[in-house]
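Take a look at the structure set out below.
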Ligand code: FCB
């Protein structure tokens with residue numbers, strides 16, 4: 001099944017009660033000086049957007065619910081916010097688009113941020129209170145969940161590189177955040193199944209290929225793979241916490257904590273010593289990320305060998321502001337999936353409509369639908385028409401290939 005993915009804060013607009021609004025209001029944090037306050041105004045335009053998804057024939061849609069709207073003050077829940085999401089999800093279902101709901105996608109209520117968010121000793125329990133509420137209140141409409149989005153990216157960006165709030169640079173904090181989020185995933189997996197035994201639950205793991213730039217970088221590439229993603233894989237999927245993640249917590253026993261393998265795949269890194277580079281002369285997107293479709297199946301193969309199960313590509317997409325290569329990117333990634341023997345079940349393209357791209361602001365465009373941020377006018381891009389055609393034809397026909405893909409070229413880095 002094919003569709004698109006989004007995250008609440010990146011599209012909704014209008015919410016001043018979260019850490020990203022606070023962060024973006026500080027000078028120098030967002031490249032183009034924008035804030036998520038306008039984003040794509042989806043909070044008000046969700047009907048139009050949902051109808052557009054139905055027009056494109058999208059079969060599935062991964063969306064987020066914004067914690068700061070649902071729990072504006074600790075322990076106080078907003079029935080208006082819950083009702084809003086109920087209406088939106090109700091319309092999706094009516095239009096035949098199956099929802100997959102993300103319970104945490106990089107953003108926190110300002111009050112949670114204020115107590116140190118995922119470094120706080122009680123952070124897991126505080127978030128689980130929210131999870132219990134959402135799953136109870138939306139459970140008659142939703143039974144497919146993503147607990148957390150990319151705990152490794154979250155930990156590294158907030159605590160090591162300092163590009164996401166609170167902008168700290170501390171290795172011990174990075175490890176603590178990753179550990180708490182992995183515990184949170186395992187406990188949420190159990191909690192959701194307790195409330196909704198038939199639920200399908202996983203997390204969206206950000207995985208990339210780390211390949212050595214020179215032969216001598218090989219050990220470092222292996223170390224990076226382990227520290228950035230594999231230690232987290234073992235903790236979150238298998239409940240096994242290595243010493244680098246602080247050892248086995250008493251709240252989690254080894255076991256199976258997934259119903260699908262959620263993979264967010266974008267690119268590969270060329271490892272050179274302690275730095276992350278790009279292989280010269282390879283195709284790159286507008287942000288300089290290498291376009292490397294084979295990495296998706298390499299990673300999936302590796303993950304599936306250790307943790308067998310259905311594979312859901314919870315994100316895959318590219319920054320292409322001029323629609324120079326997005327259809328080609330789509331075709332190339334769908335091809336490696338189609339040619340693989342692995343049990344791929346879902347493909348969620350990142351993303352539906354051009355949105356607020358975190359520290360990059362409104363500059364990079366990842367959408368299959370164009371957004372004019374001043375007028376909030378949506379226009380389906382050629383890649384949107386292409387994806388709709390692929391869904392309709394249940395594959396890439398020679399005509400679609402000739403029309404959308406053949407004329408496109410990648411830029412080389
Ligand atoms: C992923 C994030 C998503 C978006 C894409 C481009 O790491 O999950 O929100 O920013 O990258």
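So that you can scan it fast, the table gives a plain yes or no per residue for (1) away from the ligand (no atom under 16 Å from the Cβ); (2) in contact with a strand residue (DSSP E or B) (Cβ under 8 Å, 6 or more places away or on another chain); (3) at pLDDT 95 or above; (4) not in a strand (DSSP E or B):
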position	(1), (2), (3), (4)
9	no, yes, yes, yes
14	yes, no, yes, yes
20	no, no, yes, yes
27	yes, no, yes, yes
32	no, no, yes, yes
39	no, no, yes, yes
43	yes, no, yes, yes
47	yes, no, yes, yes
- Query: With (1) surrounded by 20 or more Cβ atoms within 10 Å (Cβ to Cβ); (2) part of a helix (DSSP H, G or I); (3) within 16 Å of the ligand (Cβ to nearest atom) as the list, and residue 157 as the residue in question, which single condition is left unmet?
  - Reply: (1)
- Query: Just wondering, is there one or more residues in segment 123-141 that are assigned to a loop (DSSP other than H, G, I, E, B), more than 16 Å from the ligand (Cβ to nearest atom) and closer than 19 Å to residue 187 by Cβ?
  - Reply: yes
- Message: Looking at 211, 217, can you tell me which residue is more than 23 Å from the chain's Cα centre (by Cα), in contact (Cβ under 8 Å) with a residue 24 or more places away in the chain and under 27 Å from residue 412 (Cα atoms)?
- Response: 217
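So in segment 235-261, with the set limited to residues that are outside any loop (DSSP other than H, G, I, E, B) and under 13 Å from residue 308 (Cα atoms), which one is nearest to the ligand (Cβ to nearest atom)?
The initial filter retains those residues of segment 235-261 that are outside any loop (DSSP other than H, G, I, E, B), namely 235-238, 243-245, 261.
When the remaining residues are screened for being under 13 Å from residue 308 (Cα atoms), the result is 237-238, 261.
Numbers: 237: 18, 238: 22, 261: 16 Å.
Result: 261.
If you take the residues of segment 262-277 that are within 16 Å of the ligand (Cβ to nearest atom) and assigned to a strand (DSSP E or B), which of them is farthest from residue 205 (Cα to Cα)? Talk me through it step by step, then tell me what you get.
Narrowing segment 262-277 to residues within 16 Å of the ligand (Cβ to nearest atom): 262-269, 276.
Next, from what is left, pick out any that are assigned to a strand (DSSP E or B): 262-264, 268-269, 276.
Values: 262: 6, 263: 5, 264: 6, 268: 15, 269: 16, 276: 19 Å.
Taking the candidates together, the pick is 276.
Would you tally the residues in segment 53-73 being assigned to a helix (DSSP H, G or I) and surrounded by fewer than 18 Cβ atoms within 10 Å (Cβ to Cβ)?
Within segment 53-73, the subset assigned to a helix (DSSP H, G or I) is 53-56, 67-70.
When the remaining residues are screened for being surrounded by fewer than 18 Cβ atoms within 10 Å (Cβ to Cβ), the result is 54-55.
Final tally of qualifying residues: 2.
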- Sort out which residues of segment 295-333 are touching a strand residue (DSSP E or B) at 6+ places or on another chain (Cβ under 8 Å), surrounded by fewer than 21 Cβ atoms within 10 Å (Cβ to Cβ), in contact (Cβ under 8 Å) with a residue 60 or more places away in the chain and farther than 22 Å from residue 285 by Cβ, and write them in order of number. 307
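Could you tell me which residue of segment 160-189 is nearest to residue 111 (Cα to Cα), considering only residues that are without any contact (Cβ under 8 Å) to a residue 24 or more places away in the chain and either more than 16 Å from the ligand (Cβ to nearest atom) or part of a helix (DSSP H, G or I) (or both)?
First, pick out the residues of segment 160-189 that are without any contact (Cβ under 8 Å) to a residue 24 or more places away in the chain: 160-162, 168-172, 174.
In the following step, the residues that additionally are either more than 16 Å from the ligand (Cβ to nearest atom) or part of a helix (DSSP H, G or I) (or both) were identified as 162, 168-172, 174.
Details: 162: 20, 168: 18, 169: 21, 170: 22, 171: 24, 172: 23, 174: 20 Å.
Out of the qualifying residues, it is 168.
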- Task: Taking the residues in segment 334-388 that are in a strand (DSSP E or B) and without any contact (Cβ under 8 Å) to a residue 24 or more places away in the chain as candidates, determine which candidate is surrounded by the fewest Cβ atoms within 10 Å (Cβ to Cβ).
- Result: 377
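The values are calculated or read from the model by the stated rules, or taken from the named source; none is laboratory data. Just so you know, these numbers come straight off a predicted model, no measurement behind them. With ideal geometry, Cβ positions are generated from the backbone for all residues, glycine too; neighbour counts draw on all protein chains shown.
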